[in-house]
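We did not get these values from a lab; they are worked out from the coordinates using the rules stated. Quick caveat, the model's predicted, so the values are computed rather than measured. Here the Cβ is made from the backbone with ideal geometry for all residues, glycine too, and neighbour counts use every protein chain on show.
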């Protein structure tokens, strides 16, 4: 996927993007947000692929989805990550920033990495005089941390 340009950029953490692949509150809103568009870009942290795969596997183990539903959702996630999403690398700078975030905000480890990825992308866009991101997440603590760090936020659970 190409670098973000002048489009509006939405960074979805794993709690948000998982809704596209497993029917939950907010699924319809996330599906609409993710419709390919020249007007918006959907960005994810690389680790979201692992986290969503884990969510899907847990739903399968709990008999909430079948093996066939898991396979389809995982295949869709894999294809979409190659064709539709801008993936933010988890490199040493992101890890360092995530560690700093845990000192300032009430965050779990992977949530700190998610937010660090979002902040790195946001800063990159702002440095290029482009609009910053909107951080989309279904976790109240992570939303509060993102807001405290200066990001616009959206909660898909408020869009049933």
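Points to keep in mind about this one:
- Residue list for segment 133-149, restricted to those being in contact with a helix residue (DSSP H, G or I) (Cβ under 8 Å, 6 or more places away or on another chain) and within 22 Å of residue 99 (Cβ to Cβ): 133, 135, 137, 139, 141, 142, 145, 146, 148, 149
- Of all residues in segment 91-134, those being within 17 Å of the chain's Cα centre (by Cα), in a loop (DSSP other than H, G, I, E, B) and touching a residue at least 40 places away in the same chain (Cβ under 8 Å) number 1.
- Checking residue 107 against (1) over 17 Å from residue 7 (Cβ atoms); (2) surrounded by fewer than 18 Cβ atoms within 10 Å (Cβ to Cβ), the condition it does not meet: (2)
- Subset of segment 70-90 [surrounded by fewer than 22 Cβ atoms within 10 Å (Cβ to Cβ) and not in a helix (DSSP H, G or I)]: 84, 85, 86, 87, 89, 90
- Every condition in (1) surrounded by fewer than 19 Cβ atoms within 10 Å (Cβ to Cβ); (2) free of Cβ contacts under 8 Å to residues at least 60 places away in the same chain is met by residue 160 except one, and the failing one is (2).
- Qualifying position, being assigned to a helix (DSSP H, G or I) and within 19 Å of residue 153 (Cβ to Cβ), among 24, 32: 32
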